[in-house]
Amino acid sequence: MEVNELKNVIEALLLSSQEAMTPEQLQEVFDEWQRPELSQIKDVITLLQTDYATRSFELIQVASGYQIQTKSLYSNWVARLQIEKPSKYSRALLETLAIIAYKQPVTRADIEEIRGVAVNSHIMKTLMEREWIRIAGYKDVAGKPAVYTTTKEFLNYFNLSYLHELPTLPEVMETMTLHNANQSNEECNTE
């Protein structure tokens, strides 16, 4: 298969898939007699990333493979099309998720100690239902409390390939400060 046709096929597969795809998963779609080498697929992915550099969408790598998505620069425009508003999460839920992401593996008691308040069961249930966290095991102490870690779904949702790509804590604090200031301004404007 020539490179341009392979590019079109890989692009169509990535656009059609609901999930990120690895080069191996892309390779498996082809019949054995026309199956490209993994190196060819990786080269095509690089070519597509270059092609998309000046477009409104991008081909990125996340924890579970590659996906095509709208660039964040255009997300406000795309959001106007969505009838359903994206979920808003409470500060407590986001703090709990951040503690798990930055301090994992952690127990519920660890989270409560850091936050200084009890963790609502609904928060842990929501994080588990979203598949952003999982029980990775049980701590070998009295009561055998569950130990929580983040998941590939967490990485995918936040467009990360690895945990080390998380912003530093000072960056998070700065973003939260800006977000809180923007919310205060919006509340003042609506009154």
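The values are calculated or read from the model by the stated rules, or taken from the named source; none is laboratory data. Remember, predicted model here, so these are calculated numbers, not experimental data. Glycine also receives a Cβ, built like all others from the backbone with ideal geometry; neighbour counts cover every protein chain displayed.
Of all residues in the stretch 26-73, those satisfying the criterion of being surrounded by 14 or more Cβ atoms within 10 Å (Cβ to Cβ), under 22 Å from residue 158 (Cα atoms) and among the polar types (S, T, N, Q) are 49, 61, 64, 67, 69, 70.
Just name the residue that is nearest to the chain's Cα centre (by Cα) out of those in the stretch 135-148 that are surrounded by fewer than 17 Cβ atoms within 10 Å (Cβ to Cβ) and not aliphatic (A, V, I, L, M). Across the stretch 135-148, the extreme among qualifying residues is 137. Given the options 182, 159, name the one that is surrounded by 14 or more Cβ atoms within 10 Å (Cβ to Cβ) and modelled with pLDDT under 90. The match here is 159. May I ask you to verify whether residue 123 is in contact with a Leu (Cβ under 6 Å, 6 or more places away or on another chain) and either over 17 Å from residue 105 (Cβ atoms) or modelled with pLDDT of 90 or more (or both)? Yes: the conditions hold for residue 123. So is residue 60 in a strand (DSSP E or B) and within 28 Å of residue 3 (Cβ to Cβ) or not? Taking the combined requirement at face value, the residue satisfies it. Hey, among the residues in the stretch 1-25 that are in contact (Cβ under 8 Å) with a residue 24 or more places away in the chain and exposed (fewer than 14 other Cβ atoms within 10 Å of the Cβ), which one's farthest from the chain's Cα centre (by Cα)? Filtering the stretch 1-25 for residues that are in contact (Cβ under 8 Å) with a residue 24 or more places away in the chain and exposed (fewer than 14 other Cβ atoms within 10 Å of the Cβ), the one farthest from the chain's Cα centre (by Cα) comes out as 1. Residue 107 falls short on exactly one of the conditions (1) under 30 Å from residue 68 (Cβ atoms); (2) touching a residue at least 40 places away in the same chain (Cβ under 8 Å), and that condition is (1).
Restricting the search to helices (runs of 4 or more DSSP H) fully inside the stretch 63-130 and requiring at least 1 residues that are over 24 Å from residue 168 (Cβ atoms) and touching an Asp or Glu at 6+ places or on another chain (Cβ under 8 Å) gives an empty result. Pairs meeting the criteria (first residue in the stretch 33-56 and at negative phi, second residue among the small types (Gly, Ala, Ser) and part of a helix (DSSP H, G or I), beta carbons under 6 Å, at least 6 apart or on different chains) are lacking.
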